Structure formats: C-alpha cells, structure tokens
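K.L.:
Have a look at this one.
Read-outs: derived from the displayed coordinates by stated rules, not from any lab. The model shown is predicted, which means the values in this text are computed figures rather than measured ones. Reconstructed Cβ throughout: ideal geometry from the backbone, glycine too, with neighbour counts over all protein chains shown.
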Amino acid sequence: MRLVFVNGGSRFKKSEDGRWFTDPNFTKEVWQRYMDLCDEFVIILRQERRIYSIAEAESRFNPVLVNNKIKLVPVEDITHPKCNIINIFKRKKITKTIRHEVAHADKIIIRSASFYTNICQKACIDYNKPYIFEVTGFIVEVMSHHSLMGRLLANYFEHMTKRMAANAECAIYVTDEALQKRYPCKKMLGCSDVVLNESNENILKKRLVHIDNKIRDLQAGIGVVKLGTAAFLDVKWKGQENVIRAIAELKKKGITNIQYEMIGIGQGLRLIKLSKKLGIENQVKVLGPKPHNEVFSWLDSIDIYIQPSYQEGLCRAIVEAISRACPVIASDTGGNYELINKDYIFPCGDYIKLSSLILTMKENYMEEAKRNFQRAAYYKKSRLDSIRSKFMKEFMK
C-alpha cells in the first residue's frame, strides 16, 4: 500500500550535513501514525531554500526519519521568492511532480487547503484516487491576518477548503464540532492532533501547591503573576500584542506585579518594540523557541496561560496547558470554547476585556486548575490514538 501525504503550509528544511527537518508540529510520533498504515509513505512538502547550520536545525526543527519506507518529495516554494508565483515553468513542474505521485498512490492524505493541496485534490479526482482530508483551521480568519495577497485570496481558499471536504472520502478535524460546521464531509471524525504525555494526579497536586504558594505571596505583597503564551512570535494573527496591551492597561490602574513570557519560533522584535512603547518592557520577556520536552516544565512555572490568537482550529498549546492543570484565558476563535471555561473566553482583540479576566482569574486559580486538568483527560494520547487509528484503518481498506 502506497500512501501519499501532501501539505502546503509546512516546509522541508535542510541542514549543512544533508539531513532533512520539518516544522516542530510534525514529530516522530505524527509521522509514525501514517507509516503504520502503509508499506511506502511519500511526503510532499515545499522546500525552504535556506540551508541551516546543524546546531540551529537541531534546536528549532524536528528531524525526519529517513528509511527505505519513506520517500521525501521536496517541491519548489511558490511564495518564496514572491516572483515564483507568476513563474509558469515552476508551477508546471510542481504540478507535474504532485500529479505523478498521486497517479502512483493507493491512498492520499491532504492536509489543509493550499496551492499544493489544490493540485493534489484535482489529481485525485482525475485519477479516481480516494483521499482523506485533514482540517486544522479556519481559512478566512487566518488569511485575513496575513499579507494583502492573503486577504485578497481568503475567500477563494475558503471555497477550496469546502470543496475539498465535500469531495473527500472522509475527513479528520482537530475540533469536536467547530470546524465540522464550517467544512462538512460525508464521513467525519473529530480528533485533536496534539501529543500529550500520559497525565497523573501528581501534576494537579503540584499545581495546587504552586497556586497556594502564589496566593500567599500575593497576599503578602511580594508575589508576581506570571502569564505565558506559546506561539509563533513573528506573525500578527497569534495576537500576543493584545496581552501586552492588557498589561499596559493594568499598569495604568497601578497593577504592576505581572510578567509576561512568550515562547515560540521567531525573534519577537515587533512585540519587544511595542512593550517599550507602552513602557512595560521590564514586564515582558521573549524567550524564543523551546524543545517540546521543555515546554511542559515551562508551563508548570507560569500562573496563567493566555492564547490571544485571531485564528485557531483547536489550539494544541491550550491542550498542553490544561494537561498541566494551568488556568487558561483564550480568545473566542475556532474551537477554543471546546477546551476551557467559557467565562474565560474574550473577544478577539479586546485587550480591555482580557485585562479584566486576568484580574478575575486571581480569584479562581484553584477551580480553573481542577477543571482544566479534568478536561485534559479527554485528549490523552491513548484515547486519541485509538479512535484515530480505527478511523484511518477503515479509510485504508
């Protein structure tokens, strides 16, 4: 059985020693899910032109396991440089490569709508190849916070996503209901793609001790409330600037015992500049990327996790936060409402409301920690792996 995977959002990266890497969201566990289903697994991604140093590649990205079962098919990046968009020869070459792989495949996995997956989906129709569609986010919302071209093409890609879902043999969504309502398919499964460590009660116990100590320090006037966000640092749609503005609003009220830490890929120069402009640079820290195994210890160190995005499907960072019994505040986008207490959902971009929720949360740390930890059990790895595997094996028959 030959299985082809196509995604237009992520890129292959190459290191100086010739090894291949992908974005952090594609872990060994994710690739293994697919490899367990087939005899040959083909991955088609666009390739980043830059060659990374070994140290940078190993610290920022995930290596791709290469063996005789996996075939990597890097294709030209149609958007970098931008002149590639109008290069007919490169577009034809990409189309020929993708159609060739689809023609020789038994089954295809299409992840999200893009120039590349659109070619793939049309080839599936032409060659009568069954495909499963993985739906990870709301197209109009995410593209509306990209470039001018992204905003102009948002409705086109929204229609493309609906078409891909409607014509798929089946579809997997990262939400339980939010994405399904927008992009329906005849056969659907809601299953997050998060990878969580198996939880245990000690996590909750440690969090409650942490909260108890924090409350005691705050009452004594020596405590600092540490907020945190894990997201790409150099894209506007992740919304970290709204947390910074909320902290500035609280400072106007004389509340300065708040710190904000941001982790994620990027430099965050825009966010640092904003914090200086608002006079709160001493309260804001950009920590940069962290290996996935260090993210959980960082989550244990913060008091409130905030996800201020303008667009999400089902935010994996929130799932990881609640798995550590961390109180969470999030914007009202995507499937965020499926994860946390609706009392701690704020309208996208409303930093005034966010500032009030930060204050309110101080009174409800314990309750939110317990509630979130209980909710996280729904996303434990063993449960998700079981239902996903059953669904995928049915597709592969």
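Residues checked against (1) of a type in the set (D, E, K, R); (2) closer than 30 Å to Lys122 by Cα; (3) surrounded by fewer than 18 Cβ atoms within 10 Å (Cβ to Cβ):
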residue	(1), (2), (3)
Lys162	yes, yes, yes
Leu196	no, no, no
Asp212	yes, no, yes
Lys236	yes, no, yes
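K.L.:
Same structure again: If I filter the range 34-53 down to residues being within 23 Å of the chain's Cα centre (by Cα) and of a type in the set (A, V, I, L, M), which single residue comes out as surrounded by the fewest Cβ atoms within 10 Å (Cβ to Cβ)?
P.N.:
Met35
K.L.:
Now for a separate question. Could you identify the single residue in Val42, Val66 that is in a loop (DSSP other than H, G, I, E, B) and β-branched (Val, Ile, Thr)?
P.N.:
Values: Val42 fails: in a loop (DSSP other than H, G, I, E, B).
When all the criteria are applied, what remains is Val66.
K.L.:
Another question, then. Here are Met188, Met262: which of them is surrounded by 21 or more Cβ atoms within 10 Å (Cβ to Cβ), at negative phi and free of Cβ contacts under 8 Å to residues at least 40 places away in the same chain?
P.N.:
Details: Met188 fails: surrounded by 21 or more Cβ atoms within 10 Å (Cβ to Cβ).
Step by step, each of Met188, Met262 is checked, and only Met262 is surrounded by 21 or more Cβ atoms within 10 Å (Cβ to Cβ), at negative phi and free of Cβ contacts under 8 Å to residues at least 40 places away in the same chain.
K.L.:
Report, by residue number, each residue of the range 335-388 that is more than 21 Å from the chain's Cα centre (by Cα) and under 26 Å from Trp31 (Cα atoms).
P.N.:
Ser386
K.L.:
Under 16 Å from Gly8 (Cα atoms), among the small types (Gly, Ala, Ser) and surrounded by 15 or more Cβ atoms within 10 Å (Cβ to Cβ) - does that describe any residue in the range 94-112?
P.N.:
Yes, the range 94-112 contains a residue that is under 16 Å from Gly8 (Cα atoms), among the small types (Gly, Ala, Ser) and surrounded by 15 or more Cβ atoms within 10 Å (Cβ to Cβ).
K.L.:
Can you give me the ranges of the helices (runs of 4 or more DSSP H) entirely in the range 305-397 with at least 1 residues that are β-branched (Val, Ile, Thr), surrounded by fewer than 17 Cβ atoms within 10 Å (Cβ to Cβ) and touching a residue at least 60 places away in the same chain (Cβ under 8 Å)?
P.N.:
On the way: elements: 316-323, 351-361, 365-376, 381-396.
Once the helices (runs of 4 or more DSSP H) in the range 305-397 are filtered for at least 1 residues that are β-branched (Val, Ile, Thr), surrounded by fewer than 17 Cβ atoms within 10 Å (Cβ to Cβ) and touching a residue at least 60 places away in the same chain (Cβ under 8 Å), what remains is 351-361, 381-396.
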